[in-house]
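Everything below concerns the one structure shown next.
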Amino acid sequence: MDDLSAIRELLSAPPVSPEVVADGRTRLATAFASTPKPANLRILEMTEETPVHQGKRRAMRTARWTALGVGLLGAAAAVTLVVTSGTSVGAPGTRPAAQAPSVQPIKKLSAQQVLLAAATSAAKTPADGAYWVRNSVTGKQRVEPGGKYTLEMTTLQEAWVSQVPGKPTWFINQNLGIKPATPQDEEAWRAAGSPHSWTYPGTTVTNKRGKSFKTRSVTLQSKPGEPVATRVDDDKTDSSVGKPMTRAALSELPATPDGLRDYLKTVIAKKWGAEYAHVDVNAELYQAGVHIVMDLPAPPNVRATAFRMLASLPGVKAEGEVADPLGRTGQAVSLPHSNGEGRLIMNTATGEPLAFVTTTKEARVFVAIKKARWTDDKPDLSASRRGSDDPPA
């Protein structure tokens with residue numbers, strides 16, 4: 001049984017038992033054979049409901065599953081013939097006690113079910129072309145220097161990751177500007193004089209080893225920028241999982257969740273060096289798994305393995321259906337960390353990640369994928385260009 005079948009089975013409506021069906025048929029036959037039909041006899045469907053019929057109505061109300069054959073049998077078992085005096089034909093001289101209706105909610109999918117469903121879908125996606133193309137919007141919310149309102153900075157990025165040796169990879173970025181994050185923030189911004197630039201002074205930061213250093217001041221502008229295309233030679237497109245950003249190189253990653261987890265632990269240990277002992281390895285594994293499914297041209301089996309590894313991590317929890325920063329809905333899972341949490345929002349029907357939102361005490365950062373695909377098309381390089389060794393724009 002695959003992961004999606006397991007979820008469908010979990011949510012399916014319970015069938016009516018054969019005993020209940022047989023009992024209902026017997027009661028109907030007895031009633032029609034032994035009871036005269038006075039003028040005031042009428043058939044009232046679903047007036048005196050049996051527990052079985054109530055359960056069926058609950059299932060139809062909540063999950064809205066339709067099964068014609070089961071519905072007809074359930075109706076035959078649940079119909080009660082009643083005379084206007086209030087005496088039940090099925091139980092002469094008595095009237096069954098009324099039972100209060102109850103509602104049984106749909107079971108909420110666990111984080112593991114959501115991630116495994118995404119893994120099953122991801123394993124079936126095609127992966128062939130000269131380029132892997134990803135269009136995304138990144139955003140960061142930050143409180144303005146005076147603390148009166150929150151700003152949101154967004155950037156549009158188009159990545160054309162070459163899969164052909166000798167051909168460069170291109171990243172086309174455009175600063176979309178800075179604006180107040182919410183209508184309430186906009187009111188506070190107007191009250192502050194509607195500024196269009198903000199300067200953040202440098203701060204002193206202390207790392208986990210006790211070493212302190214001061215960051216430089218930064219001035220941000222609200223005006224959008226022009227698109228800039230940056231060339232990166234294929235031998236420099238190294239991902240943070242220790243492999244170049246090519247389908248062939250990433251296909252060498254372990255094909256099992258345990259194997260991938262052990263491999264990523266070695267990458268994380270190398271990254272942190274002497275500070276590895278103080279690192280939240282579980283949070284780092286979560287970030288690395290999200291990086292594979294969100295940011296890399298990994299082949300379908302590797303993406304599916306990354307989803308399954310995420311499902312195996314302790315502490316990952318389901319958030320249900322939520323809206324991503326672009327207004328799309330999807331199933332979300334999250335993992336708390338020492339300074340906040342990271343939330344992954346997915347379209348489990350296609351296995352496509354929609355967005356990853358990181359919330360910390362200082363800021364909210366998100367990456368929302370508009371589209372990711374494989375293609376033989378070529379990038380539009382009409383934007384101003386610079387090489388990978390040039391200083392940042």
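Remarks
- Of Ser240, Pro299, Ser222, farthest towards positive along the dipole that unit charges on Lys, Arg, Asp, Glu beta carbons give the range 214-300: Ser222
- The range 295-393: C-alpha gyration tensor shape, a/c 1.5 cut-off, then a/b vs b/c: prolate
- Label zone at Val164 (point 7 Å along Cα-to-Cβ), backbone N below 15 Å, the range 116-149: 128-133
- Portion, in percent, of the accessible area of the range 237-289 that falls on carbon or sulfur, probe 1.4 Å: 55
- Extending 7 Å from the Cα toward the beta-carbon at both Asn347 and Thr256 defines two label points whose distance is 3.3 nm.
- In the calculated pair-distance distribution of the range 221-323, the portion above 17 angstrom amounts to 59 percent of the Cα-Cα pairs.
- Ranked from largest to smallest solvent-accessible area, with a 1.4 Å probe on the protein heavy atoms, Phe307, Phe213, Phe356 come out as Phe213, Phe356, Phe307.
- Of the cross-linked pairs Lys140/Lys243; Lys243/Lys271; Lys265/Lys370; Lys148/Lys223; Lys124/Lys167; Lys124/Lys270, those separated by over 24 Å at the C-alpha level are Lys140/Lys243; Lys265/Lys370; Lys124/Lys167; Lys124/Lys270.
- The calculated FRET efficiency for Ala269 paired with Asp233, based on their beta-carbon distance and R0 = 35 Å, is about 0.80.
- Projected label distance in nm at Lys108 and Thr329, using a 7 Å step from Cα toward the beta-carbon: 1.7
- Per-peptide average of other Cβ atoms within 10 Å, ordering 289-299, 269-279 highest first: 289-299, 269-279
- Contact order normalised by residue count of the range 246-375, Cα under 8 Å, 6+ apart, percent: 17
- The range 113-235 shape via C-alpha gyration tensor axes, a/c threshold 1.5: prolate
The values are calculated or read from the model by the stated rules, or taken from the named source; none is laboratory data. Since we're looking at a predicted model, the values are computed, not measured. Backbone-built Cβ (ideal geometry, glycine too); neighbour counts: all protein chains shown. With ligands, DNA and RNA removed, areas are computed over all heavy atoms of the protein, side chains included. Shrake-Rupley method; radii C 1.70, N 1.55, O 1.52, S 1.80 Å.
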